[in-house]
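The values are calculated or read from the model by the stated rules, or taken from the named source; none is laboratory data. Quick caveat: nothing in here was measured; it's all calculated off a predicted structure. Virtual Cβ from ideal backbone geometry, glycine too; neighbours counted across all protein chains shown. Ligands, DNA and RNA are excluded from the accessible area calculation, which covers all protein heavy atoms including side chains. Shrake-Rupley method; radii C 1.70, N 1.55, O 1.52, S 1.80 Å.
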Amino acid sequence: MLNIKNGLVLYGPEMEPKRTNILIEDNLIVEVSPHASGGREIDAKSCIVSPSLINSHVHLGDSVAKDMGNGESIENIVKPPNGLKHELLAKTSPQNIIDSMRNSLMEMIETGTTTIVDFREGGVEGVSLIEEASKDIPIRKIVLGRHDSFLKPPSFKSGSKNLNNNFETEIREYTLEILEYTDGVGLSGFGELNDEVVKIITETCARVGKISAIHAAEYEEVQSNSLQATGKTEVERALETGFNILIHVTSPLNSDLDLLKSKKTSVVCCPRSNGALSVGIPPIKEMWDRRINLLLGTDNLMFNSPNMFREMEYTLKMTRGYYKEYFPPLEILKMATVNAGQAFNLNIGCIKEGMLADIMIVEQLSNNPILSLINRTESKNIIGLVTDGNLIYLR
């Protein structure tokens, strides 16, 4: 049992600041009250007590290629199967990939992130690499895999737009193979995929209750290519084929945002990645105005550190600068906590009775606790970290 005392607690889904105590027992928050007592006491005086952070989109394997490809086009860097990153990963030994992933996972723990959503390439073997890399590291992993067969040119029945039965069965079997080892499927984008193949993948995920996610509308060219090829935007195709989560939506067209609102589909924004690749600025305020559930991710380790504090600060200031008006910092913090917990059906991201105790204790560096976290927090300011009710470190 733990008792975090005297801290300024960001309580509930709206993160209302309260000077109070938090009692943790059997991994859960059982009481939030100034009168909560018992257990091992941790004095959080002069500290903010916040939900720990959720990184909703990362390509952890790309830790081996930090800052490579600078100045190259996005297609040359990351488009499968022949992008620069794929060539580098193919040439790198599994042990080097594991070691670099492990270092990135440790950096996330040091910067307050206790849950990640990793787009895992390389099929089942790729999944085994993150399992090896994360041994003894207390971080919650949501692993979304993919299979190389998804990129194969589809085989159709003679004179028909319907897939050949054998090909359809093969895709379904490969999807089930991936889902046996993962929490769902994470696909690169529609530029390499046939919609009929995609439907098999998403339907299979839905049938076994797992996540399906895809990069969509990341930049203008993929949107125009999609319209030219199918008459539909990537967002339209993603929603029609049944994805749970869309990554990026940096370049929505037509009625994309209204469709997202009507479908209640969550979007993961990755502003630093979009900036690094020169593909645009995500329309965060327009999506927020429509009450689309927004999440935040650091994306590719080639371009960015996995530090969610840096992502939050950049996102807040970029959004205000782009729209030339105020945007509430609370909404940015919720993208990295509350909203993500809800999107992935996790009992985390919020400090409230009955929730899993994923909590960080951070020095308060200004009178505004939300901005203190977003603008000023460095790893050295994180005093303590709790995940699943277990104290990971206390400085």
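Give me the percent of the accessible area of the chain that comes from carbon and sulfur atoms, probe 1.4 Å, all protein chains in place. The C+S portion of the solvent-accessible surface of the chain is 45 percent.
On a 19 Å Cα-Cα criterion, which of the cross-link pairs K85/K232; K161/K199; K18/K352 come out too long? Flagged as over cut-off: K85/K232.
Placing pseudo-labels 7 Å out from each Cα toward the beta carbon at A206 and K380 gives an inter-label distance of 5.2 nm.
Helix content alone sets the calculated 222 nm mean residue ellipticity of the chain: runs of n ≥ 4 DSSP H residues at -39500 (n - 2.57) each, divided across all residues, give -10000 deg cm²/dmol. The label-point distance for D388 and E240, in a model that sets each label 7 Å from Cα toward Cβ, rounds to 4.2 nm.
Looking only at region 1-16, which residues have a backbone nitrogen under 16 Å from a spot 7 Å from the Cα of L28 in the C-beta direction? Flagged as within label range: 1-2. Would you look at the GNM of the chain, springs on alpha carbons closer than 10 Å, and say which of R290, R146, R310 moves the most? Checking each option, the largest mean-square fluctuation is seen for R290.
The residues of region 174-244 expose on average 40 square angstrom of accessible surface per residue, using a 1.4 Å probe on protein heavy atoms. Quick note on region 1-153: its Rg to Rh ratio, both from C-alpha atoms and Rh being the Kirkwood radius, is 1.12.
Order 120-126, 389-395, 79-85 from most to least packed using the mean count of other Cβ atoms within 10 Å.
Details: 120-126: 19.7, 389-395: 14.0, 79-85: 16.6.
Highest-to-lowest ranking by the protection proxy: 120-126, 79-85, 389-395.
Solvent exposure of region 286-395 amounts to 38 Å² per residue of accessible area, where only protein heavy atoms count and the probe is 1.4 Å. Each Lys and Arg contributes +1 and each Asp and Glu -1, all at the Cβ; summed about the Cα centre of region 273-320, the dipole is approximately 160 debye. Kindly state, to the nearest 0.05, the FRET efficiency for R172 paired with M1, given R0 = 56 Å and r defined as their beta-carbon distance. Given R0 = 56 Å and the Cβ-Cβ separation, E is 0.75. The candidate values are (1) 22.7; (2) 20.9; (3) 21.6; the one derived from this structure for Kirkwood radius over Cα pairs in Å carries the label (3). Using the Kirkwood radius over Cα pairs, work out the Stokes-Einstein diffusion coefficient for region 268-395 at 10 °C and 1.306 mPa s, in µm²/s as a whole number. For these conditions, the coefficient is 102 µm²/s.
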